[in-house]
Amino acid sequence: MRVALVQDWLTGFRGGEKLLEGFAILFPDADLYTLIHVPGSTSDRIERLRIHASWLSALPGVARHYRKLLPLFPSTIERFFLDGYDMILSNSHSFAKGVRVAPGTPHICSCMTPIRYVWDHVDTYLGRGPKRFLATPFVHYLRSWDRKTSTPERVTGFVAISQAVAARIRRHYGRDSRIVHPWVDTHRYRPSGEKPEDFYLLVGGFVPYKGEALAIDAFRRLGRSLIVAGDGPSRRALEARAPANVRFVGRVSDERLAELYARTRALIHPQEEDFGMIAVEAQAAGRPVIALGRGGARETVVGTDAGGSSVPTGLFYERSEPDSLVAAVQEFESQESSYDPGAIRRHAEHFALPRFHREFIEALESFMGPLPELHRRASQIARHDG
């Protein structure tokens, strides 16, 4: 198959790029189209693809200020007209699915979410004041564009990364979708075999919906040690007002992050995620997760409320408020010794690469018919991965 992959942008190696890496492994000869490419910002597997970036990529300072170019993204992605391919696979949380495709070419969208800042998180990003009022015409435009580029004429079929995202696709686009949970590199994250150290871990993205401020306020009250890894637009402001028991370590290497996962008492997961790779990564290291009980976390973490023979891998709190998180941490500490790192690790292994490839190919077949060569390719990868 001659395959074209489409990604919103390549400016770092976060959840969307980790999902893309799974496609790069399955389609190592694919062309990759994107709005903006910062060379070296992703993984070697992605960087080895033939990457075609839009004209925006050549603008000075684009690596730091690409978010300010958002009004240009819809028209720019539509300048790509992809012809001569057997399949187009867009990996989209915003604009990638808007690419134009030659008639008769299957276009499958792996949807991380409909554009969150114009649909489900408008209040979080824009508030309800003057900023929201001024942005309203553009929000309406983006919603219209988003629907227009989601019709069967533009997208053959959707694959959602979670039940939560499938519900949003149905609500905003009126389309059904197949659900395939993303993969996590479970080889990279492993239990240490030692007693955890006396700190909690938060891995932040520092954009409005991530909930770092709530977690910091909760730990201000708790007085417990919290290490905050990661970087993003609001990091400096949050760090400036953080209490002494909350330590920011910035963006860390994969090796350092794996070490932090393995050593922490528990991961703090205060956001409503579309899926939540970070929660699975922590579980791959054998560590429990204290999570807001909404969105993808409900599909990746086994809570103490699961019942039956399910072995808990974390616990949930229900209100996005500091008091609720404080109570959850205290509840966790009262039962901390009951969590089994080996069982938590085994749960995370359900999200490994072979399962992802197998299920995603089955989803493709529901739109395109039998793909025996892809199954053989996935089997080869699985043997090597094992």
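Each reported figure results from applying straightforward, stated rules to the coordinates on display, with no laboratory input. The structure displayed is predicted, hence computed values, not measured ones. Glycine gets a Cβ as well: all are built from the backbone with ideal geometry, and neighbour counts include every protein chain shown.
List of remarks:
- Estimated from helices alone, the mean residue ellipticity of the chain at 222 nm is -11000 deg cm²/dmol (sum of -39500 (n - 2.57) over DSSP H runs with n ≥ 4, per residue).
- Compared with the dominant principal axis of the Cα atoms in the chain, helix 372-385 is inclined by about 30°.
- Among the GluC sites (Glu not before Pro) found in the stretch 170-261, those both in a DSSP coil and sparsely packed, with 11 or fewer other Cβ atoms within 10 Å of their Cβ, are Glu194.
- Calculated FRET value between Arg346 and His187, using beta carbons and R₀ = 22 Å, to 0.05: 0.90
- In this label model, Arg171 and Glu373 are separated by 4.1 nm, measuring between points 7 Å along each Cα→Cβ vector.
- Loop trypsin sites (Lys or Arg not before Pro), the stretch 1-85, which have at most 12 other Cβ atoms in a 10 Å radius of their Cβ (DSSP): Arg2, Arg48, Arg79
- The alpha-carbon of Lys68 sits under 27 angstrom from the alpha-carbons of these lysines, leaving out residues fewer than 8 places away in its chain: Lys18, Lys97, Lys131, Lys148, Lys210.
- One chain, two ends: Gln335 and Arg132. Fully extended at 0.36 nm per residue, the span grows by 68.7 nm beyond their Cα-Cα distance.
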